[in-house]
There are 2 protein chains.
Amino acid sequence: MSTTEKRHIDPDRALVRRKQVLDAAAACFGRSGFHGASMAEISKAAGMSAGHIYNYFDSKDAIIAAFVEQNVERVSQLMRDLEQQADPLQSMVDDAPRHVREHLDPNTWPLALEISAEAARNPKIAEVVRDADVRARVQFRAILKSSRERHGLAVDSDTLDGLLDAMISLFQGLDVRVVHNPNVNEPALARYMGIAMKAMLFS
Amino acid sequence: MSTTEKRHIDPDRALVRRKQVLDAAAACFGRSGFHGASMAEISKAAGMSAGHIYNYFDSKDAIIAAFVEQNVERVSQLMRDLEQQADPLQSMVDDAPRHVREHLDPNTWPLALEISAEAARNPKIAEVVRDADVRARVQFRAILKSSRERHGLAVDSDTLDGLLDAMISLFQGLDVRVVHNPNVNEPALARYMGIAMKAMLFS
């Protein structure tokens, strides 16, 4: 699958149109699932003709790839912000409530779940999410390594592997948790997320 | 949706048949997703006629409900085992590697993800998983409460709410993590899961 953006004469207009398609697709996938939503349904929701949508995306796989890429950019920006902090480890602990709130937002988790479920059965989507995950881990790993070094903490490969995946699990689990328990006690959960993060980041 | 088991003249034979359908459905859902797999495809994979399958399950929703119920029984058994331990809190920490291994097993996580994604868009399935979650939390909460009391730790309602959901998030996140990073360093991850669990359970 090509994830390359198609070239358009008016790039600003193309960006607006792409965004229109992505917003429509997010709504359709949320309602009918990735398999249930057709390109025809997505183009209708986006207010364009079925043929027109193919000017922006070749397939539903390409739309999912664009969502994954949007998330990569969001996470990458979070990492750059984190790098600027005096003590990134402590900043992560202090920011636990904000991150918990973001993960429990109903505008985020249904699509995240849909992408993970699709990646579990569609090798093309699996490749897209795994490639994105590798890039995010490289960036996160560098921050953890330099911040832990300044604290005199272990930075061997096993330590960083375990810390990275356990930290990410804790947050990815929230997307699942909120489906199973929509009445989650958010401040209480954020407090315990902070306890877990502090113990991991400083061990 | 009725999740009541249909009555059969030969209950042993009916149990075997139900198991056949569930195994076939797990394979079909894993391959095509919940929406992509039809009852006809499931009955074919189970080696029975399309009409015959309705003797055991009314619909795909009823099959998902049966999977959720299977998991409730598995978790319930884990809880009963945990209750028998001298120190359930410490046992959970000590058992982190085993639980991590179980969650990373490719026979478990694709179906767990499929059910969560479906629950995010299908109110009937949402009701089934939420009801199961309430029951599991009641059981888990009682164990945490009595074990923490013995350790002289806080057992107020907010503390138990936060601890429960953060602990469950950590494990449910593993099902997502392994899709995004299939090369997870399992012993390193289990070590950090243990660190997080110990900090949370004893705080």
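Couple of notes before you dig in:
- Output for the stretch A:3-17, where each listed residue is modelled with pLDDT of 80 or more, of a type in the set (A, V, I, L, M, F, W, C) and exposed (fewer than 14 other Cβ atoms within 10 Å of the Cβ): A:Leu15, A:Val16
- Verdict on B:Ser38 being among the small types (Gly, Ala, Ser), surrounded by 14 or more Cβ atoms within 10 Å (Cβ to Cβ) and either in contact with a helix residue (DSSP H, G or I) (Cβ under 9 Å, 6 or more places away or on another chain) or at pLDDT 90 or above (or both): no
- Take the conditions (1) at the interface with chain B (Cβ under 7 Å from one of its Cβ atoms); (2) of a type outside the set (Asp, Glu); (3) assigned to a helix (DSSP H, G or I); A:Val184 misses just one of them, which is (3).
- Counting the residues of the stretch A:178-188 that are within 16 Å of A:Thr108 (Cβ to Cβ) and touching a residue at least 12 places away in the same chain (Cβ under 8 Å) gives 4.
- Inside the stretch A:142-154, residues that are within 14 Å of another protein chain (Cβ to nearest Cβ) and surrounded by 16 or more Cβ atoms within 10 Å (Cβ to Cβ) make up a count of 3.
- Some residue of the stretch A:49-66 being polar (S, T, N, Q) and in contact (Cβ under 8 Å) with a residue 12 or more places away in the chain: yes
- Scanning the stretch A:26-48 for residues that are small (Gly, Ala, Ser) and free of Cβ contacts under 8 Å to residues at least 40 places away in the same chain yields A:Ala27, A:Ser32, A:Gly36, A:Ala37, A:Ser38, A:Ala40, A:Ser43, A:Ala45, A:Ala46, A:Gly47.
- Residues within the stretch B:136-170 that are part of a helix (DSSP H, G or I), out of contact with any helix residue (DSSP H, G or I) (no Cβ under 6 Å at 6 or more places or on another chain) and more than 18 Å from A:Asn185 (Cβ to Cβ), tallied: 3
- Note on the stretch B:155-170: residues that are facing chain A (nearest Cβ under 7 Å) and either buried (at least 20 other Cβ atoms within 10 Å of the Cβ) or aliphatic (A, V, I, L, M) (or both) amount to 8.
- When each of B:Ala126, B:Ala190 is tested for being within 9 Å of chain A (Cβ to nearest Cβ), surrounded by fewer than 18 Cβ atoms within 10 Å (Cβ to Cβ) and not charged (D, E, K, R), the lone residue that passes is B:Ala126.
- Looking only at the stretch A:105-123, residues that are modelled with pLDDT under 90 and more than 10 Å from chain B (Cβ to nearest Cβ) come to 3 in all.
The values are calculated or read from the model by the stated rules, or taken from the named source; none is laboratory data. Just so it is clear, the structure is predicted and the values come from calculations on it, not from any experiment. Cβ: placed from backbone, ideal geometry, glycine included. Neighbour counts: every protein chain shown.
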